[in-house]
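For reference, the structure discussed in these notes is given below.
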Amino acid sequence: MYAQTVQSTGRKVKSLEEMSDQERAFQARIDAGEKIEPKDWMPDGYRKTLVRQISQHAHSEVVGQLPEGNWITRAPTLERKAILLAKVQDEAGHGLYLYSAAETLGVSRADLIDDLLAGRAKYSSIFNYPTLNWADMGAVGWLVDGAAIINQVALQRTSYGPYSRAMVRICKEESFHARQGFDIMMKMVAGTAAQKAMAQDALNRLWWPALMMFGPPDKDSVHSAQSMAWKIKVMTNDEGRQKFVDQTIPQIEYLGLDVPDKAARKNPKTGHYSFVDPDWDEFFAVLKGYGPCNADRMLARNKAHDDGAWFREGLLAYAEKQTIAAE
Ligand code: FAQ
């Protein structure tokens, strides 16, 4: 029987006795570590959860281009501009792989994007915070991509084949992103006192929102218990957050910066750091649309979609012409 270690607030996970024969056989495949492929039978809830999570993940990649895209024209050197441009372009590619993985579950990318543009779909809370100066480009790559990698490395082992395979490629690119962010931070802390202060300020502002990326505490998570049972998620929200803190605090010390959480301490017995939770009221407010940049992000995405209408029409007209020519 699968491990049921996390309590969450959503619907109770069915026991093997409560499952139909088909559901029991499906659970046995999951427990044996088999990958589920698009044409395999799957419970409706499994399909629905994957569509929700993969599409939210895809939207995060696409909306996630905005805070960094904002700095492409203001990067301090040609080299930094080229690197940032490549990174932002990679995020668009990640969105594409993920929408494609979602489409294998019988939904259309156009409908998923409509949900995003109409404000019906979520994307990661982190992208509703502003990027105020160049040091934020370092902090986003280091902390935001760093947090994303922790989650995504685990998701390489997710039970749904197309999602798992998309993650393998995404993780390779994300590690380049995190390193370029850390490299910017290294330059900033080795610069003038004002540059080092900018790096500290970026870290102070992004630390708490980065902790929120892992989702609400396990006790308040709606989906974790069922998603862990189906191995859609292979790590709980709190486990991911702890990994991030344990990995990042030594990096902060290496940079010679102050840890924003003054109370964080390493437990010599466990090797883990204690840390203060982010403000969960703020997190839930951001999810409801009240973050500093929610309205701007939705305006920017809607404008980009409207501005791209001529291009989508052109593609369709070309495809139609090819079909007619082939008949
Ligand atoms: N922001 O029951 P749980 C990136 C929602 S990629 C917004 O715990 P679950 C790359 C959750 O959806 C970053 N909403 O949910 C990049 C659910 O809503 P619903 C994105 C959040 O799914 C870097 C509700 O709260 N990564 O950054 C957040 O079991 C730089 C209840 O929560 C992924 O999406 C949040 N932080 O666990 C791009 C990874 N947390 O649908 C550009 C895949 C929770 O019931 C630049 N996703 N919610 O209305 C996951 O691993 C999971 O979905 C979690 C949440 C862990 C995020």
Candidates Ala199, Ala194, Ala210 - the one that is near the ligand (Cβ under 10 Å from one of its atoms), assigned to a helix (DSSP H, G or I) and aliphatic (A, V, I, L, M):
Ala210
If you check Glu253 against the conditions, is it surrounded by fewer than 11 Cβ atoms within 10 Å (Cβ to Cβ), free of Cβ contacts under 8 Å to residues at least 12 places away in the same chain and not in a loop (DSSP other than H, G, I, E, B)?
no
Taking the stated definitions as given, is Ile232 within 15 Å of the ligand (Cβ to nearest atom) and more than 20 Å from the chain's Cα centre (by Cα)?
no
Selected residue (criterion: surrounded by the fewest Cβ atoms within 10 Å (Cβ to Cβ)) from residues of the stretch 120-138 that are within 11 Å of the ligand (Cβ to nearest atom) and not in a loop (DSSP other than H, G, I, E, B)
Ser125
If I filter the stretch 36-45 for residues that are closer than 21 Å to Phe214 by Cβ and touching a strand residue (DSSP E or B) at 6+ places or on another chain (Cβ under 8 Å), do I get at least one hit?
no
Would you be able to say whether some residue in the stretch 57-70 is β-branched (Val, Ile, Thr) and within 15 Å of the chain's Cα centre (by Cα)?
yes
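For the subset of the stretch 278-327 comprising residues that are in a loop (DSSP other than H, G, I, E, B) and over 21 Å from Ile126 (Cα atoms), which member is modelled with the highest pLDDT?
That would be Gly308.
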In this structure, does Lys243 turn out to be touching a Ser or Thr at 6+ places or on another chain (Cβ under 9 Å) and either charged (D, E, K, R) or at pLDDT below 95 (or both)?
no
Output yes when any residue across the stretch 33-56 is within 30 Å of Met185 (Cβ to Cβ) and either in a helix (DSSP H, G or I) or in contact with a Phe, Trp or Tyr (Cβ under 9 Å, 6 or more places away or on another chain) (or both), and no when none is.
yes
Just to be sure I understand, how many residues within the stretch 139-170 are under 28 Å from Met198 (Cα atoms), more than 8 Å from the ligand (Cβ to nearest atom) and among the β-branched types (Val, Ile, Thr)?
2
Residue identified as under 19 Å from Asn294 (Cα atoms) and part of a helix (DSSP H, G or I) among Asp90, Asp114:
Asp114
Yes or no: Leu85 in contact (Cβ under 8 Å) with a residue 12 or more places away in the chain, surrounded by fewer than 18 Cβ atoms within 10 Å (Cβ to Cβ) and in a helix (DSSP H, G or I)?
yes
Using beta carbons and a limit of 8 Å, which pairs, at least six apart or on different chains, have the first residue in the stretch 214-225 and touching a residue at least 12 places away in the same chain (Cβ under 8 Å) and more than 19 Å from Ala147 (Cβ to Cβ) and the second one of a type in the set (A, V, I, L, M, F, W, C) and more than 6 Å from the ligand (Cβ to nearest atom)?
Ala225/Val6; Ala225/Val13
Where Lys48 falls short, out of the listed (1) within 13 Å of the ligand (Cβ to nearest atom); (2) surrounded by 14 or more Cβ atoms within 10 Å (Cβ to Cβ); (3) more than 17 Å from Asn133 (Cα to Cα); (4) not small (Gly, Ala, Ser):
(2)
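The values are calculated or read from the model by the stated rules, or taken from the named source; none is laboratory data. In this text, all values refer to a predicted model and were calculated from it rather than measured experimentally. Quick reminder, even Gly has a Cβ in these numbers, built from the backbone with ideal geometry, and neighbours come from all protein chains shown.
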